[in-house]
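Notes follow the structure.
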Amino acid sequence: MIIDTHAHICDVRFDNDREEVIKKTFNLGVKKIIEVACETNYWDKALKLSKRDNIFVSFGIHPIDVFQATLKNYCKLEILVQSAKCVAVGEFGLDYHYNSSPENIELQKKSLARQFNIAIKYNKPVIIHCRDAYDDMIMFLKEYENVIKGVIHCFSGSLKQAKVFVEMGFLLGIDGPITYKKSKALKQIVCETDISKLLVETDCPYLTPQKYRGQRNEPSYLLEVVKAIASIKNISVNDVAQITTCNAVNLFNI
Ligand SMILES: [Zn+2]
């Protein structure tokens, strides 16, 4: 059994066949899905989806959307986080890839702190999005050390940064890019990180594994990520499945 700890199946790209995708996922050994609702316009859809068996949800405001986020959105977020199947807050964080103007960075940091405090208040783990901003994220998290658990979703930083996050108690989320030939640095990180610190995720419809590249990613493709980790660490696919599932169960209490 494996768990897709990071999916976006409320995305419009699943509007035509969501039912079939979910059925296929559960038939192919992915037994649970965490739907990550990080765009305010998907929140209600995700809440509804989470009423189904074996689908859980996480609510947050993505760092690239912080300019549009209103006080009302943050109030609603706080309410949604308390819903029955909500297992985390996120994804939220820092993303300097598209806009690293000082105003945007300041706003992102404010939103990061705000959502962190919501997670602390309701005792939920965090799903952290971080792109081109790992050092700032480390600086921020150091203030909260030992207070909160979580995952650095789709980790793409350096080995040194990976070690810092792991030392702080965070898990690293591993996605489709681990199956790409060019992902040498990431493979090195997976090789050197204890498997008890790894989570497997699809981030579907994005980050499709090599085998299906060019297509929309789906939760059922998660096995490709598990296989890649097994081959890098030279352990069995079953062991990777079992241990990463255990990591997910412990972190999200599912
Ligand atoms: Zn995502």
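Any read-out appearing in this document is the output of simple, stated calculations on the displayed coordinates, not a laboratory observation. Quantities reported herein were computed from a predicted structural model and do not represent experimental measurements. As a convention, Cβ positions derive from the backbone with ideal geometry for all residues, glycine included, and neighbour counts pool all protein chains shown.
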Proxy reagent accessibility, fewest Cβ within 10 Å first, across Phe140, Phe59, Phe116: Phe140, Phe116, Phe59
Sorted by Cβ neighbour density within 10 Å, fewest at the top, the residues Met137, Met1, Met168: Met1, Met168, Met137
Proximal aspartates and glutamates to Lys76, defined as alpha-carbon separation beneath 16 angstrom and excluding residues fewer than eight positions away on the same chain: Glu39, Asp44, Asp65, Glu91
Region 72-133 - convex hull of alpha carbons, volume per residue in Å³: 81
Mean projected area (nm²) of the alpha-carbon convex hull when the chain is viewed from all directions: 12.4
Exposure proxy ranking, count of Cβ atoms within 10 Å, fewest first, for His8, His153: His8, His153
Peptide ranges 33-43, 230-240, 189-199 listed from the most packed, as the mean C-beta count within 10 angstrom indicates: 33-43, 189-199, 230-240
Restraint check, Lys45/Lys197; Lys163/Lys197; Lys109/Lys149; Lys31/Lys121, Cα-Cα greater than 21 Å: Lys45/Lys197; Lys31/Lys121
Ellipticity estimate at 222 nm from DSSP helix runs (n ≥ 4, -39,500 (n - 2.57)) divided over the chain, nearest 500: -12500 deg cm²/dmol
Selected from Val66, Ile178, Ser111, residue furthest toward positive end of dipole (region 49-197; charges at beta carbon): Ile178
Separation in nanometres of the label points that stand 7 Å from Cα toward Cβ, at Val12 and Thr70: 2.1
